[in-house]
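J.: Got a structure for you, questions after.
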Amino acid sequence: MQQRTEEKIRLSAENRLNSGGYRIQRRVFSPGEVYPLHRHEFCEFFLVAEGELKQTFNGSSATLPAGSLQFCFADDEHLLECSGSSPACIFNVHVGNLRFRKDLAALSDHWRIPIEDCTQRISPLPDEIFHSLLYKSERLCRMDNSSAMAMVLFRLLTEEVLFLLAARTSDLDGTLPPEWLLNACQEMQKAENFTAGLSRMVELSGKSQEHLCRTFRNHYGMTPREFILELKLMEAARQLTAGVPVVDAATAAGFQNLSYFRKTFQARFAMLPLQYRKKFGI
């Protein structure tokens, strides 16, 4: 068994990040293996794909089973240990600190939350979200990281992670959103739910539409419709990246009006869906 060390390793962005400003790798831990206490000059998030890890994060310990997502700011300290009897596999992503914080700041401003208060660990993820992140991570590990396609897929991956982190965060006054709202938000990230729209979220919440909308806005600074629209647009972008025709991508994401889809997609991604598919589709 590898021995623990209290030495604090600092990982340099210059040595770790590629020309695109990120790095992704698949890492397998053998039972008992320890990655010693360290910090970074960059932000990091990792997805536990298989097995189980024990993590010491800024002095606190937690178990991370398969399906866990962990985010670290630059200068957070953590130690990882494969504490189970079988190997553990993670997809580990490094991204430049200024770039990631800028993106997080934009999203945090939209949700009206302080950057430093964002959720840093989600465990377990909903199955559909876990498989979505796993799919993107596996593909990125097999791609040329300098290609335009890799950059788009990396962008989709980080935006999904940012969205998850912000969606699980407490509001400005420190009051945690009620469990029914957290559960409804989590369930709405499944395609069969967000494609059904606001009525499905009302059903999942168990509350009236008025109460849901008021509580959602109080905690997240946006409406449930805006939340659902973001989920639909992210799914449409994923479909287009996979080479799906525009009409089929819109339908799969739950858009019934093609003109509205084109308008909202262009506002979100600064190009029309067909342009996006031609530029980034497989």
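J.: Restricting to the range 23-63, name every residue that is within 13 Å of I90 (Cα to Cα) and either hydroxyl-bearing (S, T, Y) or more than 22 Å from the chain's Cα centre (by Cα) (or both).
T.: Within the range 23-63, F29, S30, Y35 meet the criteria.
J.: Here are the criteria: (1) touching a Lys or Arg at 6+ places or on another chain (Cβ under 6 Å); (2) surrounded by 22 or more Cβ atoms within 10 Å (Cβ to Cβ). Tell me which single one D75 does not satisfy.
T.: Unmet for D75, out of (1) touching a Lys or Arg at 6+ places or on another chain (Cβ under 6 Å); (2) surrounded by 22 or more Cβ atoms within 10 Å (Cβ to Cβ): (2).
J.: While we're looking at this one, here's another question. Filter the helices (runs of 4 or more DSSP H) completely within the range 207-282 down to those with at least 3 residues that are over 24 Å from L140 (Cα atoms). Walk me through how you get there before you give the answer.
T.: Working: elements: 209-220, 224-241, 246-252, 258-269, 273-280.
So the answer is 209-220, 224-241, 246-252, 258-269.
J.: Still on this structure, I have one more. Out of the residues in the range 253-274 meeting the condition of being out of contact with any Lys or Arg (no Cβ under 8 Å at 6 or more places or on another chain) and of a type in the set (A, V, I, L, M), tell me which one is modelled with the lowest pLDDT.
T.: A270
J.: Scan (1) at pLDDT 90 or above; (2) closer than 15 Å to L162 by Cα; (3) buried (at least 22 other Cβ atoms within 10 Å of the Cβ) for the single condition A88 breaks and write down its number.
T.: That leaves (2) as the condition not met.
J.: Next up: Just name the residue that is modelled with the highest pLDDT out of those in the range 162-192 that are surrounded by fewer than 21 Cβ atoms within 10 Å (Cβ to Cβ) and closer than 16 Å to R238 by Cβ.
T.: Per the stated criteria, the residue is E192.
J.: T251 is checked against (1) in contact with a helix residue (DSSP H, G or I) (Cβ under 7 Å, 6 or more places away or on another chain); (2) within 25 Å of F130 (Cβ to Cβ); (3) among the β-branched types (V, I, T) and fails just one. What number does that condition carry?
T.: (1)
J.: Would you check if E50 is crowded, with 21+ Cβ neighbours inside 10 Å, among the charged types (D, E, K, R) and without any contact (Cβ under 8 Å) to a residue 60 or more places away in the chain? Break it down into steps so the answer makes sense when it comes.
T.: Details: crowded, with 21+ Cβ neighbours inside 10 Å: no; among the charged types (D, E, K, R): yes; without any contact (Cβ under 8 Å) to a residue 60 or more places away in the chain: yes.
Here the answer is no, as E50 does not meet what is asked.
J.: Cβ contacts < 7 Å: first residue among the charged types (D, E, K, R), restricted to the range 173-197; second residue surrounded by 13 or more Cβ atoms within 10 Å (Cβ to Cβ) and at pLDDT below 90, any location; separation 6+ or different chain. Result?
T.: Between residues of the range 173-197 that are among the charged types (D, E, K, R) and residues that are surrounded by 13 or more Cβ atoms within 10 Å (Cβ to Cβ) and at pLDDT below 90, the close pairs are K190/P126; K190/E128.
J.: Further question on the same structure: Kindly list, by first and then second residue, each pair from a residue in the range 205-229 that is assigned by TED's automatic domain parsing to the domain that holds A184 and closer than 17 Å to E179 by Cβ to a residue that is of a type in the set (D, E) and surrounded by 15 or more Cβ atoms within 10 Å (Cβ to Cβ), limited to pairs with Cβ atoms under 6 Å and residues at least 6 apart or on different chains.
T.: Once the first residue is assigned by TED's automatic domain parsing to the domain that holds A184 and closer than 17 Å to E179 by Cβ and sits in the range 205-229, its partners that are of a type in the set (D, E) and surrounded by 15 or more Cβ atoms within 10 Å (Cβ to Cβ) give H219/D171.
The values are calculated or read from the model by the stated rules, or taken from the named source; none is laboratory data. Since the model is a prediction, treat every value here as computed from it, not as a measurement. Glycine gets a Cβ as well: all are built from the backbone with ideal geometry, and neighbour counts include every protein chain shown.
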